[in-house]
Protein chains: 2
Amino acid sequence: MSAATPHPADLSRDPDLLRDADGLNAPVADRRALLLRLAWSVIAEPGDGVAGRLAAALGVAGALEFVSTARERALPPSGADVSARELAAALERWRPRLGARLLRDAVRAARRARLTVLIPEGELWPSRLPDLGPHAPFALWVRGDAPALARLERSIAIVGARAATPYGEHVAGMLAGELAERGVCVVSGGAYGVDGVSHRAALGAGGPTIAFVAGGADRVYPAAHAHLFARIAERGAVVSEVPPGVAPTKWRFLQRNRLIAAVSGATVVVEAGRRSGSLNTAGHAAALGRPLGAVPGPVTSATSEGSHRLLREFDAMCITSCADALELLGEWDEAAAPSGERTRPETIRVLDALAPRAWRDADEIARRSGLSLAEVQAQLGLLELDGRVESDPEGWRLAR
Amino acid sequence: MSAATPHPADLSRDPDLLRDADGLNAPVADRRALLLRLAWSVIAEPGDGVAGRLAAALGVAGALEFVSTARERALPPSGADVSARELAAALERWRPRLGARLLRDAVRAARRARLTVLIPEGELWPSRLPDLGPHAPFALWVRGDAPALARLERSIAIVGARAATPYGEHVAGMLAGELAERGVCVVSGGAYGVDGVSHRAALGAGGPTIAFVAGGADRVYPAAHAHLFARIAERGAVVSEVPPGVAPTKWRFLQRNRLIAAVSGATVVVEAGRRSGSLNTAGHAAALGRPLGAVPGPVTSATSEGSHRLLREFDAMCITSCADALELLGEWDEAAAPSGERTRPETIRVLDALAPRAWRDADEIARRSGLSLAEVQAQLGLLELDGRVESDPEGWRLAR
């Protein structure tokens with residue numbers, strides 16, 4: 001490191017930087033804590049576990065000081081779960097980003113783009129992010145209505161294929177719209193296909209929606225979504241863990257996926273081919289223990305292969321309706337027919353017309369319940385499937 | 001009971017009946033045992049648990065003797081798990097069918113229709129039927145090639161909507177044809193829609209297929225399937241537990257479903273509306289602990305609602321291919337791509353190119369494995385989903 005580079009641990013005492021930081025829209029009392037975290041946000045790529053583990057062991061300030069003074073073959077500090085080899089590789093990739101220039105540029109760009117910056121020590125930090133452990137972001141850069149992030153408490157990520165079929169777009173729109181109507185915040189990635197449709201449907205239903213993007217929050221990718229991103233920023237937020245101006249790369253897309261999975265109460269994959277990035281989001285959701293759902297489709301559609309794999313091998317819930325998606329959050333939508341069957345009034349009436357010992361035939365049950373014979377037979381079939389009634393040539397009764 | 005009615009326990013000593021029984025095509029050494037079971041097959045409706053429990057306690061002969069001599073308010077025999085009320089109701093429904101006439105008619109009709117009759121004491125009795133306990137049939141009446149029933153050892157039931165969509169018919173045909181090509185016996189119910197397509201595809205692939213029907217095996221229902229039933233009987237069998245000539249009723253359809261679930265190694269539901277009879281078959285399969293699969297479809301299709309319910313609430317396996325269906329039997333089709341992914345050569349090559357500690361980037365893994373970068377990235381995504389590799393800004397390595 002050349003002597004011309006200012007000591008990174010001094011960044012937070014740099015008067016220019018502190019003044020710039022004052023101009024930032026950040027719900028944080030401690031400007032020094034803010035700048036230290038923004039410095040790490042500039043230095044480390046998303047999901048850099050070595051940075052996270054160093055910061056966990058030494059604190060954000062201590063880690064930055066250690067890194068700025070470390071010689072080339074430095075030993076890992078005691079107490080940090082980092083090997084010498086990991087540290088050497090990390091120092092090599094961090095070195096070009098140390099110093100004040102990149103941080104100052106990021107802060108000024110954030111001011112220009114009117115971004116809000118969030119850190120764990122301040123307000124509005126999403127409550128589920130700490131589950132990422134050493135892979136949690138150091139800061140979030142937010143375009144739009146930062147308080148909308150509080151809505152993540154009751155949120156569902158809807159993700160899927162960029163090259164969605166009309167079927168996938170229809171289902172994504174249906175789910176996102178109905179969830180938004182019920183006040184659930186729809187999270188997605190702002191991409192073409194399922195992502196875009198989900199954001200639009202949520203906006204259309206008057207709900208908040210939040211896009212987590214792989215590049216800087218001031219960038220628009222894909223460019224054709226400029227208007228969509230502007231609308232999302234009006235009603236919700238466009239969020240990134242990388243500083244403004246940073247380009248979206250393949251790695252950053254994969255890491256952005258982990259953020260979507262982490263901040264959302266549940267993740268639903270609508271359409272996913274065998275190589276869809278949304279399978280990566282699903283993998284993160286599963287690894288974090290977040291409820292995971294997948295929307296089935298025709299088995300003849302390559303765009304549903306990934307969804308079916310999630311159903312078959314990863315125990316994803318089969319999602320066919322808004323009510324199913326709400327169940328992922330542990331909520332039951334009594335008004336919705338398909339999944340509310342357990343509590344449908346017809347079911348209750350048929351159960352009421354049954355006895356625990358006496359066998360009753362379908363005609364008698366229809367008479368007692370006041371339902372049609374066809375309805376009674378349908379309900380009895382479902383109840384038998386549930387093991388709640390048993391049948392015999394004499395008829396039906398409640399299961400013992 | 002009038003004195004004119006011969007004592008049912010004497011049936012098996014009736015010389016006319018014994019002569020008729022000799023003319024039956026039955027792989028059974030003991031004609032008396034055969035006639036006793038055929039008598040019960042005539043007397044009791046399918047799945048009559050009271051008859052089954054009486055026979056379990058007293059033997060088939062003893063149960064028939066008890067019933068033929070029982071007074072109206074007879075107490076249940078000690079040791080039989082039958083209540084007085086159940087017995088009274090059962091005697092009332094059995095009484096009209098006691099005596100020799102109906103049995104003689106059934107035996108003669110079976111001879112005329114060249115049916116083969118099977119009982120547990122003889123050859124070819126399906127090995128899984130005893131799992132039905134007191135609900136197991138007393139006999140099976142078989143049209144066609146009775147030895148084909150040995151093929152039930154490796155069989156899959158494919159059932160679904162009568163009013164199948166072109167999608168459902170396509171998938172049923174694909175599954176049944178490919179399973180038959182691999183020597184799996186396709187079991188179904190001979191109905192319109194999914195059943196018929198499954199039988200036809202199995203026949204088309206040169207495989208055996210077995211139809212379990214709700215009426216007598218000599219009857220054709222639906223009538224338009226006369227030619228199909230004839231072809232099934234040539235290459236496989238049409239099987240019923242009710243005597244020839246008996247009409248299919250709603251009750252007998254439901255009980256026929258339990259037979260399909262019981263004899264098959266696994267059950268796959270292709271398309272099922274909310275009220276489909278195939279949900280009943282699925283319920284029996286689940287109750288018997290048989291592996292259960294369901295083929296997903298568009299969530300916008302009412303004809304897939306039942307299948308999705310099986311996936312969501314009954315833990316059915318998501319079936320998208322023949323390979324998935326074979327997995328239900330505990331078999332793995334290495335040649336099939338979709339589900340053989342775990343053992344695909346590309347996967348093995350990517351794993352071989354990874355190290356347990358050193359991080360390697362995708363380019364290096366592509367170089368080491370000799371695979372394209374795109375293929376490597378796809379495999380890494382899937383392996384990460386499986387928790388077998390982990391990633392970091394430095395690249396990938398085997399999970400610890």
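Where a number appears in this text, it was derived from the coordinates with a stated rule and is not lab data. Only a predicted model underlies this, so the values are computations on that prediction, with no experimental measurement involved. Here the Cβ is made from the backbone with ideal geometry for all residues, glycine too, and neighbour counts use every protein chain on show.
List of remarks:
- Partner shielding of A:314-321 amounts to 5, given as the average count of beta-carbon atoms from other chains within 10 Å of each residue beta-carbon.
- The order of A:192, A:221, going from fewest to most other C-beta atoms within 10 Å of their C-beta, is A:192, A:221.
- Across the copies of the chain, residue A:356 has label points (7 Å from Cα along Cα→Cβ) spaced 5.8 nm apart, shortest distance listed first.
- Other protein chain C-beta atoms within 10 Å of residue C-beta, averaged over B:281-289: 2.
- Unit charges at the beta carbon, dipole of chain A: most positive-side option, A:66, A:149, A:348: A:66
- Per-residue ³J(HN,Hα) for the range B:197-214, Karplus 6.51 cos²θ - 1.76 cosθ + 1.60, θ = phi - 60°, Hz, x for Gly and Pro: 4, 5, 4, 4, 5, 5, 4, x, 8, x, x, x, 8, 10, 9, 9, 10, 8
- Label-point distances for residue B:192 to the equivalent site in the other copies, using a point 7 angstrom along Cα→C-beta, read 4.3 nm when ranked shortest first.
- Averaged over the residues of A:298-307, the number of partner chain Cβ atoms lying within 10 Å of the residue Cβ comes to 5.
- Across the identical copies, the 7 Å label point of residue B:92, projected outward along Cα→Cβ, sits 8.9 nm from its counterparts, in ascending order.
- Beta carbon of chain B nearest to the axis of the rotation taking B to A, residue and angstrom distance: B:296, 2
- Neighbour cut-off at most 10 other Cβ (10 Å), DSSP loop, GluC sites (Glu not before Pro), the range B:26-90: B:72
- Just checking the listed ones, A:227, A:199, A:135: in the Gaussian network model of chain A with Cα springs under 10 Å, the one fluctuating most is A:227.
- Residue-by-residue Karplus 3J(HN,Hα) for the range B:312-319, coefficients 6.51, -1.76, 1.60, Hz, glycine and proline x: 6, 10, 10, 6, 5, 6, 7, 9
- Cα gyration tensor shape of the range A:8-112, rounded if a/c is under 1.5, else prolate or oblate by comparing a/b with b/c: prolate
- Backbone geometry of the range A:75-84 corresponds, through the Karplus equation with coefficients 6.51, -1.76 and 1.60 at θ = phi - 60°, to 3J(HN,Hα) couplings of 7, x, x, 5, x, 8, 7, 9, 7, 4 Hz, x marking Gly and Pro.
- Judged by the ratio a/c of the largest to the smallest principal axis of the C-alpha gyration tensor, the range A:344-398 counts as rounded, that ratio being less than 1.5.
- Amide H contacts under 5 Å for residue A:361: A:396, restricted to partners 5 or more places along the chain or on a different chain, H placed in the peptide plane at 1.01 Å from N.
- Among B:382-391, A:257-266, the order from most to least packed when residues are scored by Cβ within 10 Å on average: A:257-266, B:382-391
- Student exercise, the protein assembly as shown dipole from Lys, Arg, Asp, Glu Cβ charges, in Debye to nearest 20: 360
- For residue A:313 and residue B:29, a Förster radius of 60 Å and the Cβ-Cβ distance give a FRET efficiency of 0.75, rounded to the nearest 0.05.
- When chain B is treated as a Gaussian network with alpha carbon springs shorter than 10 Å, the biggest mean-square fluctuation among B:18, B:373, B:228 belongs to B:373.
- Overall form of the protein assembly as shown per C-alpha gyration tensor (a/c, 1.5; a/b vs b/c): prolate
- Using the rule -39500 (n - 2.57) for each DSSP H run of four or more residues, divided by the residues of the protein assembly as shown, the 222 nm mean residue ellipticity is -13500 deg cm²/dmol.
- Per-q log10 I(q)/I(0), chain B, q = 0.14 Å⁻¹ (Debye; single scatterer per alpha-carbon; no solvent): -1.13
- Residue ranges A:357-364, A:281-288, B:104-111 sort as A:281-288, B:104-111, A:357-364 when ordered by packing (mean number of other C-beta atoms within 10 Å per residue, highest first).
- If you plug the beta carbon distance of residue A:85 and residue B:351 into 1/(1 + (r/R0)^6) with R0 = 25 Å, you get a FRET efficiency near 0.70.
- Relative contact order (%) - the range B:145-328, alpha-carbon pairs under 8 angstrom, separation at least six: 22
- Cut-off under 5 Å, modelled amide H: who pairs with residue A:293 long-range: A:267, A:268, A:269, A:317
- Taking amide H atoms as placed 1.01 Å from N in the peptide plane, the amide H of residue B:25 lies under 5 Å from those of B:117, each 5 or more residues away in sequence or on another chain.
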